[in-house]
Each structure stands twice: as C-alpha cells, then as structure tokens.
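The values are calculated or read from the model by the stated rules, or taken from the named source; none is laboratory data. Not measured: the values here are computed from a predicted model. Cβ placement follows ideal geometry from the backbone for every residue including glycine, while neighbour counts extend to all protein chains displayed.
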Amino acid sequence: MTEMYEHIDESTLDGMRTLVTEEAVEGKTVLLNMGPQHPSTHGVLRLLLELDGEYVVNCVPDIGFLHTGVEKNMEAKTYTKAEVMTDRLDYLNTVGNNLAYCLAVEKLVDLDVPPRAQAIRVILTELQRIASHLVWLGTHALDLAAMSVFLYCFREREMILDILEMCGGQRMMTTYFRPGGLWRDVPVEFEGAVRNFIKIFPARIQEYEDLLTNNPLFVERTKHIGVLKPEDAIRWGVTGPPLRASGVKHDLRKVRPYSGYEQYDFDIPTQSDGDTYARYLVRIEEMRQSLRIIEQALNKLPYGPVRSNNRKYVPPPRSEIGTSMEALIHHFKLWTEGFPAPKGSVYVAVESPRGELGVYLEGDGGPKPYRVHWRTPSFVNLQVLPLLAKGHLVADLVALIGTVDIVLGDVDR
Amino acid sequence: MIMDWALLTEWTIKSLVLIFGLIGGFAYLTLFERKVLARFQVRIGPNRAGPHGILQPIADAIKLIFKEELIPAKADKIIFIVAPIITVIPALIILAVVPFGPDIRLFGRTITLYISDLNVAVLYIMSVTSISVYGIVLAGWSSNNKYATLGGIRSTAQMISYELALGLGFVGPILLSGSLSLVGIVDAQKNVWFFLYQPVGAFIFWVANLAEVNRAPFDMPEAEQELTAGYHTEYSGMKFALFFMAEYIKMIAVSAIAVTLFFGGYRGPLVDQFPVLGPLYFLIKVVAFLYLMVWVRATLPRIRYDRLMAFGWKLLFPISLGNVLLTAVGIGLVGITGNNLWLWFIPVSTILFFLLVSHFAQGAVAGGNK
C-alpha cells in the first residue's frame, strides 16, 4: 500500500521538480504559496502557484488541512448515532448530507418513508440548496470585491436558517432527517415561514442579478474565464452546476429521482459556454427552480405520520413509551445497542448543491457500519482547478476557486 | 517687521489648521465610510464606542499606536520604515494650494483661505500626488514578500496608465480659465461651473482619481481577495496606519481638487455677501464626492489589472486627448466669433465624441479575455 501513496517532499528541490516546471527551479518563474491562510481560498485550501508575472503557469492544490476523519468516525458509531457526523461534512448542505445518509441506511435495511416525511425532506433540502447557493454567490461576489452582494445574500440565508432552526432546533447542524423519516413533525409556523420566503425571494434574486448579471465589470471578470469543456468535465468526473454549465444536462434529481422528486415539475438549467459566467447563470437559475419545487411540495404536502412504523429501526414516539412495554424495549435497544443491518453494501447518490453526493455503506450484520465512504462533489470538482487556472491571472484564480464552489469540510473528510 | 511676524503667524496657524483638519478628517472619514457602507449593506456599522460610534476613530487610533510593529527579518529595514513616510507626506501637502473660501477679514487683516496661491498649482498637484506611488512600490519591494511585491508592481502599472488621463483632465479647466493657479480657476467659475463645459473631462478626471487613490474598483495594489493585503501585507501598527492615513487623506484631497476644478470650489449662492459660507459649501461638496467614492466601493466589483491598463490606454487616454482638442476648438471659436455661446460647443461635441469612442472601443477593451 505504501508505494501507492508516494510522499512528495516539497522542501527538497527534487520534490519540487515533480510539481512545477524546470523554470521555477531555475528561478525564472515565481513560486507563490496561496493559503491555507488566505482570504479567498474558502477555508483552508492551500494552492502552490507557479507564476510568470501574474500569469498562473502551474497550480497545485494541497488539501488535508481540515481532515476530520468523519468516515472513520462513522464506522465506530451505530447507524443512528453516526448521522450527527454527516452534518459536519459539507456544512453548507447539512440536511442534504442527512438525506443522502438516511437514504443509504433506508436502502440497506429496506425501510419505507411516509410521504409527508419525503415531501418535507424535499422542501428542506431545496431550501438548503438555495442557502448554499447564496453563500456561494455572496463569497464569489466578494472574491471579485462586490462586497454588498455578500451581505444581501446572507440576509436571505438567515431566513432559511431560521426555518431550519424552527424544524430541527439548530441553525446548521440539524440532524433533522432520521433513517425512516424525520426527527419530529414540522411546527405549525413552518408553512407560513416557507410561504413568506417564497413570496420575498424572487425579488431578491432579481436584486442580485441587477447588481451582477449585466455589470460590465462582473461580466469582464467571469466571461471566458476558466472554460471547462464538456468532455473534460465528464473525464474528470465533475458534477453539479459546473457540469451543467458546460452543457451536459445531468441532474440526479431527474436522472435517478429519490425522495419523490419525480412528482415535481422543474427544469434543469444548462449553459453551453462552460465559463465562470455560465456557472453563475446556472446557479442563479437553480435557485429559481428550487423555489418552484418548494412551492409545489408545500402545496400538496400530505398529512400523516413523519416516521416509519417499523419499530425495529425507528424509535417509537415518546407518548407510547409510558404505556407500551414493547415500545420501551425498542427504545432501549435502539438507543443502546442500535439496530443490526444486514450484510451487504449500498451506494446512494443525491444531487447536492455542489454535485453528486454519494454515500457508500457496507453492513456486516452488526449495529455499526463496516465501511462508510463519501463521494463528495467538492473533492472531485476541486481536481479540475489546475486545468481551469492554467494561463489565467492570479486575480482570476480567486474567481475560479469561487466558481468551483468547494466546501473544505466536504473535501477533507 | 511686525507685518512679517503677523504673516508668519497667519501661515503657521493656517497650516496647522489644515494639517490637523486633514488628520481629523481622515479619522472621521473612516467612520463615515464604515457607517455609509453599513447602510448600503443592511448593517448598522460601528456603534459601540460612544454614541453612534463617534469615538470609534479614537479607539482605532489607540489600538494602532500601541500595537507591536513587526519588521520582517529579511526586509530592507531603512526602506521599510521610510516607505510609509514617503506615502503620507505628499498626501498631507497636496491641499496647500487649494482655496477653501474667499478672502475674509479678521482682526483688521485680510485673510486668504488658502496656504499658497502658487501660479503653477496644477503642476504642483500633479507632481506631488505622483510621489506617493514611490512609497507603495518601495513598501512592496522592501517587505521581501511576494504578495507585497505583486501589489507594488500593480501600483506602478496602474500609475503609468492613469497619470496621463489625469493630467489631460486638468487641461480642460486650465484652457477655460487661462490660469494654472487654482485660485484663478475658482474665480473663473464665478458664473458657470466648469463641470457644465467639461462633463467628459470631469468624468475622466474622477475615474482617474479613483485609480490614483487606489479606491475601488481600482484597488488592485491592495486587492484583499487576491493579494491578502497587497503592498502593506507585512506592515503593522502605526506604519500600517500611515498607509491607511495616506489613502484616506488623498481621498479628501482629490475630492477637494475635483470640486475646485469642476464644481466651482467654494462658490455657491451668496458667497460674495457672506464669505463664511465659502468653506461650508466647499465642505458639503467634498463630502458629496466622498460619499460617491463609498457608493462606488459598495457597488462595483474590482476590475482586473490588465483590463485596467487596457481601459486606461485604449479608452481613457484617447477620450481625454479628444476632450482637450475639442475644448481648444471651442475656445478658439469663441475667440474668432467673439460670441461666448460657442463655449457650449464643448460639452455637446465632447459627449458625442465620448459616446462614439466608447462604442467602438468596447470590443478592444471589454470581452478581450482569452
């Protein structure tokens, strides 16, 4: 195994030779260390840059500064308790991570989810998608020094976080979705709050567009910058908005619908240019489409339970514990020992705001997963950054880091 | 002898008032900017130190003065220390030639509200403002930091691209007033502000000014998102504060110069009857321009620095040349016909020229990305 991971020692000249061109070793080009403490690397990404003037000759991403060992940690916890780790992966898409994990567990143990829970999951995941895109838009604009957009985006994101807090009691790390349904039903104020958001938000998207879409300075900074050809995108396994901005119409919500996405009518926005501007347009339009999904889901939100009745996997409601012996036993068993999952492996992928978020779970018959692996979109999408950055200026590089939309918690797990 | 002594006192007092006014203005300009930006961005802004945060600049000053000053081990120490001084002194002395108001009578003496009526005041401003770029380049170079060096290089590129348009922006008012002295230029605007004769000149002058003082969207030398802090990355404490001070004092200075050249300086209704109104009008106009600067910062993304050079050379420079030419033609027509109405030929023709050039130059400047 050790030969596979050849250690590159940057501190020696020979180690450097493998990463940069010979000119850098001779001193004709400049090596610049960007990050991990840099205002525009969106967390703790480190880039080793080889610059000719301000032009990027080579860009070597160096990841691992936020390594948390989430995957390994999850293997030491029962299926129920491991879920709290999922929030910490991509901290801008927490309920989306919950959803992927819950779908995987439900597939592994063959558990049904009531329709009401499915609809609420869709509403919250789409709200989270908007919130994530808002953070992306704000930081992307901030990277290009359009600082006001950042605060406008966070104003709207706050409304979404309030809704999440209303449901799960937490603003970000909700762990609100559970295998078999939800933790509890949404509160009565939920519908009003979401409807209020749906009413307000279209005008707010228009506001961001007024500031950016036709702004010559913004267009100049993004158009023809970091063009990703569709064949390159597919070859590198890029998913999500960057893939769709290159003209490939691929969205797991349409291709492999889950959690009832097939019931909703929405479009997959695509662009053909594959540049930073196209990725911007795709994400803006995705926010509008998410609103459509939320509205439809809310309009036909069914009544009924939000948790599966399968007591072997799903804890009984609080009211039953005091009256039913079986409920008490189930509760005790589920929260101490956990439920055993059958031997076998599943892979479930959902469309996160950043692309295909996949969970691989392997059960060994015991109450803890034998192996958990996350296929995270940030990690895969980040790999094209050197390809995009080559030949551009340092100033464009910050736009490119923004446009790939990485979350370092999602890259290092 | 008595007279000389009185004159000396007058000059000293005026200089002190100007210098301390600028330093105080700098302190409160930072608060003004933060408050206005906050309003643009649905925030509150500083409100902890004193009522409405009015003591915030004092708190900032105390913090910066007592902060440890680090000099990087491999920095060129002397230049590292001299660079902020080179940057801040020109900023402080630019305003010496700008008149703040008409002559007033105090204690039986006629007091002029300017330090010096230099007959080549415009050239003085041009040369003094350019000096501070040396401070920025030297700061970037002496820090021995790659980000700082990039910032320094950017500022030279920026300066070269903008000085010409800025200089040609001065020419319009000079031609119209026939004077290189700012006092003369203000007096020539008694009836009509030069802004009306020189709309294009004023616009180009203002854009070039933004680049001159490294303000958004031309704040490339310190582009925080790209170069962490650009040329002042390694500076801390009071040395950093000096750069900060230079930038903000220059904001005040260029606003004052723009007001003087194009917006009638201290002129306004009833100024001749009540000379005290002069400084007040002047202050209002300067604050309006400062507000404009903050507004631009809140709204616009940063332009990329190669685009900035293309913009400076391919768009601003030809337009300002054409502006000078058309202004001269207009003045020539007045001379030939003797009819002052021909002066209105200048704004009409320059605006048409501006639209024409910017229409054709669009392809050359924008959308040229590889």
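Tabulated data
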item	result
Selected residue [hydroxyl-bearing (Ser, Thr, Tyr), surrounded by 15 or more Cβ atoms within 10 Å (Cβ to Cβ) and more than 18 Å from the chain's Cα centre (by Cα)] from A:Ser290, A:Ser319, A:Ser272, A:Ser308	A:Ser308
Within the range A:153-179, considering residues that are part of a helix (DSSP H, G or I) and β-branched (Val, Ile, Thr), the one farthest from A:Ile130 (Cα to Cα)	A:Ile163
From B:Pro102, B:Pro46, residue being touching a residue at least 12 places away in the same chain (Cβ under 8 Å), in contact with a Leu (Cβ under 8 Å, 6 or more places away or on another chain) and closer than 29 Å to B:Phe274 by Cα	B:Pro102
Failed condition for A:Gln383, given (1) at pLDDT below 90; (2) buried (at least 23 other Cβ atoms within 10 Å of the Cβ); (3) more than 14 Å from every other protein chain (Cβ to nearest Cβ)	(2)
Yes/no for A:Ala141 being within 11 Å of another protein chain (Cβ to nearest Cβ), part of a helix (DSSP H, G or I) and touching a helix residue (DSSP H, G or I) at 6+ places or on another chain (Cβ under 6 Å)	yes
Residue count, the range B:189-203 (criterion: surrounded by fewer than 18 Cβ atoms within 10 Å (Cβ to Cβ) and in a helix (DSSP H, G or I))	1
Pick from the range B:298-329, criterion in contact with a Ser or Thr (Cβ under 8 Å, 6 or more places away or on another chain) and either of a type in the set (Val, Ile, Thr) or free of Cβ contacts under 8 Å to residues at least 24 places away in the same chain (or both), ranking: farthest from the other protein chains (Cβ to nearest Cβ)	B:Val329
Matching residues, the range B:133-146, being crowded, with 24+ Cβ neighbours inside 10 Å and hydroxyl-bearing (Ser, Thr, Tyr)	B:Ser142, B:Ser143
Test: residue in the range B:195-208 that is of a type outside the set (Lys, Arg) and in contact with a Lys or Arg (Cβ under 7 Å, 6 or more places away or on another chain)	no
Residue check, A:Val113 buried (at least 22 other Cβ atoms within 10 Å of the Cβ), farther than 30 Å from A:Glu75 by Cα and assigned by TED's automatic domain parsing to the domain that holds A:Asp90	no
Residues (within 14 Å of another protein chain (Cβ to nearest Cβ) and of a type in the set (Val, Ile, Thr)) located in the range A:386-413	A:Val394, A:Val398, A:Ile401, A:Thr403
Residue tally, condition surrounded by 23 or more Cβ atoms within 10 Å (Cβ to Cβ) and more than 24 Å from B:Asn214 (Cβ to Cβ), over the range B:232-281	5
Helices (runs of 4 or more DSSP H) completely within the range B:214-305 that count 2 or more residues being within 22 Å of B:Ile185 (Cβ to Cβ)	B:237-262, B:277-299
Of the criteria (1) within 14 Å of chain B (Cβ to nearest Cβ); (2) outside any loop (DSSP other than H, G, I, E, B), which one A:His331 fails	(1)
Residue among A:Pro353, A:Pro340 that alone is more than 14 Å from every other protein chain (Cβ to nearest Cβ), buried (at least 17 other Cβ atoms within 10 Å of the Cβ) and at pLDDT 90 or above	A:Pro353
Filtered residue count, the range A:106-138, keeping only those that are farther than 22 Å from A:Leu408 by Cα and assigned to a helix (DSSP H, G or I)	14
Qualifying position, being part of a helix (DSSP H, G or I), out of contact with any Asp or Glu (no Cβ under 8 Å at 6 or more places or on another chain), more than 14 Å from chain A (Cβ to nearest Cβ) and buried (at least 17 other Cβ atoms within 10 Å of the Cβ), among B:Pro57, B:Pro46	B:Pro57
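Every residue, every condition in (1) out of contact with any His (no Cβ under 6 Å at 6 or more places or on another chain); (2) within 14 Å of another protein chain (Cβ to nearest Cβ); (3) modelled with pLDDT under 90, yes or no:
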position	(1), (2), (3)
A:Gly192	yes, no, no
A:Phe197	yes, no, no
A:Pro202	yes, no, no
A:Leu211	yes, yes, yes
A:Asn214	yes, yes, yes
A:His224	yes, yes, yes
A:Thr239	yes, no, no
A:Lys254	yes, no, yes
A:Ser259	yes, no, yes
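Per-residue answers, yes or no, for (1) charged (D, E, K, R); (2) in contact with a Lys or Arg (Cβ under 9 Å, 6 or more places away or on another chain); (3) over 26 Å from A:Arg288 (Cα atoms):
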| site | (1), (2), (3) |
| --- | --- |
| A:Gly344 | no, no, yes |
| A:Glu351 | yes, yes, no |
| A:Leu357 | no, yes, no |
| A:Thr376 | no, yes, no |
| A:Leu387 | no, no, yes |
| A:Leu397 | no, no, yes |
| A:Gly402 | no, no, no |
| A:Asp412 | yes, no, yes |
